[in-house]
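Student: The structure's right below; bear with me while I get my questions together.
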Amino acid sequence: MFNNYLEVKKYIEEKNIRIIDFKIVDMSGRWHHLSIPSVRFNEEILKEGIGFDASSYGFLTVEKSDMVFIPDITTAFVEPFAKVATLTMIGNIYALKDKRERFEDDPRYIVEKAKKLLIDKDIADTALLGPEFEFYVLDHISVINEVNHMEVYIDSKQGEWNSGNKDINNKGYNVRNCNAYHLDKPFDSSSDFRDLVSLCLEENNIPVKYHHSENGGPGQVEIEVCLGDISVMADRTMKLKYILRKYADEHNKTITFMPKPFTGECGSGFHIHIQLFDKGKPLFYDENGYSKLSQTALYAIGGILKHSPALMPFTNPSTNSYKRLIPGYEAPVSICFATANRSAVIRIPGYATSPEQKRFEVRFPDATCNPYLAYSAVMMAVIDGIDNKIDPVDLGFGPFDINLYNLPDDKKAQIKGLPTNLLDAADALQKDYEFLLKDGVFTENIIQNQICKIKKDHYKIAELPHPEEFKMYYNL
């Protein structure tokens, strides 16, 4: 939004901005914030930064936790929900050494390094990403997990279970499980909410391609945004999730990006469309290639498919992620690629036929990820694939233009599968992370920290009794 301090100062005065709010992302992909009165904002902050405890963000140990963040004024936007006029900026994290230096494990810095490597390798000068955000819009969520009481209660007024509810003015507009795809109003009960929030996103420099109801009956929806530069898209992803949650709260709704909140219902993915350009020329198009894909595109696909198990600690970092990645719910489980095939890890959209539109879609990630780390990891696999000419056909990754869920078991066994839990994903990353270390984009430290974190999550959930276990085993 701004190029220098004087522009910021002038804007603050002209728009009567009262508060400056700073957002900093932690390792898990959550925003933290710190606010100051606008009269305290000065040029010194843009040079020296503001101190904070990095250990509380998951970056450093307690005894070495002092760091600073310096606002990136180009990211400034007017806070759409504040009670007083507020200008928000995203901060970059700096380590305190002989002088202030960019912290090598700052997620924003990692995505910048991945983007620079793409250019330095003379592969492309532009990487465009277009994520699809799938999530549930709900009316209530309550959770109890105590020694003697385990309960989760979720409610959605369009949920099938409300079809027999006599305690409300029931109009019968409930939706059967897995039957909500593109349903019209009044069955699509969150349509007006999405109209309003999409306009809010547009006003905040997040161009929306479209929105619609998704398959999940109790309120699953999708907002797909227009493609954008990889580092810009990482910031937009954080801003979009923030705006959606705040807007939902203002409208007495709650949303979740949790990959599998309902048993027997469709899970929510985070499909990422990818394009590369160099000097304005699209690099993924070839009139004579498979599905009109260039060899460069196939190498990029090869890199992602080869490294997909190792990517998952960054793209699918929750225990719940692997409850989505099961057959039968349009979630991929087989490491392969194909055209217009939603059962494949990588899908080439059949409708994107022009050189400028030609792209592929990575279908296994979900939105519990830190977008900076997920986008960076995927891009490092793309770079490795192109740099080392990893051909997915030669490696047996397809193309498979068939419904992979319906293959006989002996045929399924011939296609490699994604990890089925966090522990397997951690092991895959431990065995395959050299491609992430190129030119210091990722560090050994952040990789080992991620492995440690997701293993802890795995064992924590594995130790908890589940209500279904009582049905299965209580009377044995």
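The values are calculated or read from the model by the stated rules, or taken from the named source; none is laboratory data. In this text, all values refer to a predicted model and were calculated from it rather than measured experimentally. Quick reminder, even Gly has a Cβ in these numbers, built from the backbone with ideal geometry, and neighbours come from all protein chains shown.
Student: Quick one: which strands (runs of 3 or more DSSP E) lie wholly within segment 200-300 and hold at least 3 residues that are among the charged types (D, E, K, R) and surrounded by fewer than 20 Cβ atoms within 10 Å (Cβ to Cβ)?
Tutor: Passing ranges: none, list empty.
Student: Would you say Asn92 is modelled with pLDDT of 95 or more and either over 30 Å from Leu196 (Cβ atoms) or touching a Leu at 6+ places or on another chain (Cβ under 8 Å) (or both)?
Tutor: So Asn92 passes the test.
Student: Can you tell me which residue among Gly280, Gly217, Gly264 is at negative phi and of a type outside the set (Phe, Trp, Tyr)? Outline the logic, then answer.
Tutor: Numbers: Gly280 fails: at negative phi; Gly264 fails: at negative phi.
Result of the check over Gly280, Gly217, Gly264: Gly217.
Student: Mind listing just one residue for me: the one in segment 435-454 that is touching an Asp or Glu at 6+ places or on another chain (Cβ under 9 Å) and of a type outside the set (A, V, I, L, M) and, of those, nearest to Asn388 (Cα to Cα)?
Tutor: Only one residue fits best here, namely Phe435.
Student: Got a sec? Which of Asp384, Asp409 is more than 27 Å from Gly289 (Cβ to Cβ) and either within 22 Å of the chain's Cα centre (by Cα) or not aliphatic (A, V, I, L, M) (or both)?
Tutor: Asp409
Each row is one residue, and each column tells you yes or no for (1) over 25 Å from the mean Cα position of the chain (by Cα); (2) touching a residue at least 40 places away in the same chain (Cβ under 8 Å).
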site	(1), (2)
Ile36	yes, no
Ile45	yes, no
Tyr57	no, no
Ser65	yes, no
Phe69	no, yes
Thr86	yes, yes
Asp98	yes, no
Glu112	no, yes
Asp120	yes, yes
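Student: Restricting to segment 14-62, name every residue that is assigned to a loop (DSSP other than H, G, I, E, B) and among the polar types (S, T, N, Q). Lay out the reasoning, then the answer.
Tutor: Just the residues of segment 14-62 that are assigned to a loop (DSSP other than H, G, I, E, B), to begin with: 15-18, 26-30, 41-42, 49, 58-61.
Asn16, Ser28, Asn42, Thr61 - these are the residues of segment 14-62 that are assigned to a loop (DSSP other than H, G, I, E, B) and among the polar types (S, T, N, Q).
Student: Mind checking which pairs have a first residue in segment 6-31 that is over 23 Å from Asn316 (Cα atoms) and a second that is basic (Lys, Arg) and exposed (fewer than 14 other Cβ atoms within 10 Å of the Cβ), Cβ under 9 Å, 6 or more apart or different chains?
Tutor: Within 9 Å, the pairs are Ile20/Arg40.
Student: Taking the conditions exactly as written (of a type in the set (A, V, I, L, M, F, W, C), under 25 Å from Ala124 (Cα atoms), assigned to a helix (DSSP H, G or I) and in contact with a helix residue (DSSP H, G or I) (Cβ under 9 Å, 6 or more places away or on another chain)), does Ile390 satisfy them or not?
Tutor: Answer is no for this residue.
Student: Among the candidates Leu305, Leu311, Leu298, single out the residue that is among the aliphatic types (A, V, I, L, M) and closer than 17 Å to Gly269 by Cα. Even if it seems obvious, please write down each step before you answer.
Tutor: Numbers: Leu305 fails: closer than 17 Å to Gly269 by Cα; Leu298 fails: closer than 17 Å to Gly269 by Cα.
After applying the criteria, what remains is Leu311.
Student: Also, quick follow-up: Out of all the residues in segment 425-440, is one or more in contact with a Phe, Trp or Tyr (Cβ under 7 Å, 6 or more places away or on another chain), within 25 Å of Ala54 (Cα to Cα), of a type outside the set (S, T, N, Q) and surrounded by 13 or more Cβ atoms within 10 Å (Cβ to Cβ)?
Tutor: yes
Student: Considering only strands (runs of 3 or more DSSP E) fully contained in segment 96-157, which possess at least 3 residues that are of a type in the set (A, V, I, L, M, F, W, C)?
Tutor: Of the strands (runs of 3 or more DSSP E) lying wholly inside segment 96-157, those with at least 3 residues that are of a type in the set (A, V, I, L, M, F, W, C) span 126-138, 140-146, 149-155.
Student: Still on this structure: Does Ser190 qualify as being touching a strand residue (DSSP E or B) at 6+ places or on another chain (Cβ under 6 Å), of a type in the set (Ser, Thr, Tyr) and more than 28 Å from Leu464 (Cα to Cα)? Lay out the reasoning, then the answer.
Tutor: Numbers: touching a strand residue (DSSP E or B) at 6+ places or on another chain (Cβ under 6 Å): yes; of a type in the set (Ser, Thr, Tyr): yes; more than 28 Å from Leu464 (Cα to Cα): yes.
Yes; evaluated as a whole, the condition is true for this residue.
Student: Checking the condition under 30 Å from Ala331 (Cβ atoms), surrounded by fewer than 19 Cβ atoms within 10 Å (Cβ to Cβ), of a type in the set (Val, Ile, Thr) and modelled with pLDDT of 95 or more, which residue from Ile110, Ile141, Ile119 passes?
Tutor: Within the list Ile110, Ile141, Ile119, the selection yields Ile141.
Student: State all residues of segment 323-344 that are within 19 Å of Asn215 (Cα to Cα) and touching a Pro at 6+ places or on another chain (Cβ under 9 Å); if no residue qualifies, say none.
Tutor: Answer for segment 323-344, where residues must be within 19 Å of Asn215 (Cα to Cα) and touching a Pro at 6+ places or on another chain (Cβ under 9 Å): Lys323, Arg324, Leu325, Ala331, Val333, Ala340, Asn341, Arg342, Ser343, Ala344.
Student: Please determine, by comparing only the residues of segment 433-476 that are aromatic (Phe, Trp, Tyr) and out of contact with any helix residue (DSSP H, G or I) (no Cβ under 6 Å at 6 or more places or on another chain), which one is nearest to Phe103 (Cα to Cα).
Tutor: Checked segment 433-476; the qualifying residue nearest to Phe103 (Cα to Cα) is Tyr459.
Student: Another question about this same structure. Of these, Ile451, Ile415, which one is modelled with pLDDT under 95 and buried (at least 17 other Cβ atoms within 10 Å of the Cβ)?
Tutor: Numbers: Ile451 fails: modelled with pLDDT under 95.
Matching residue, one of Ile451, Ile415: Ile415.
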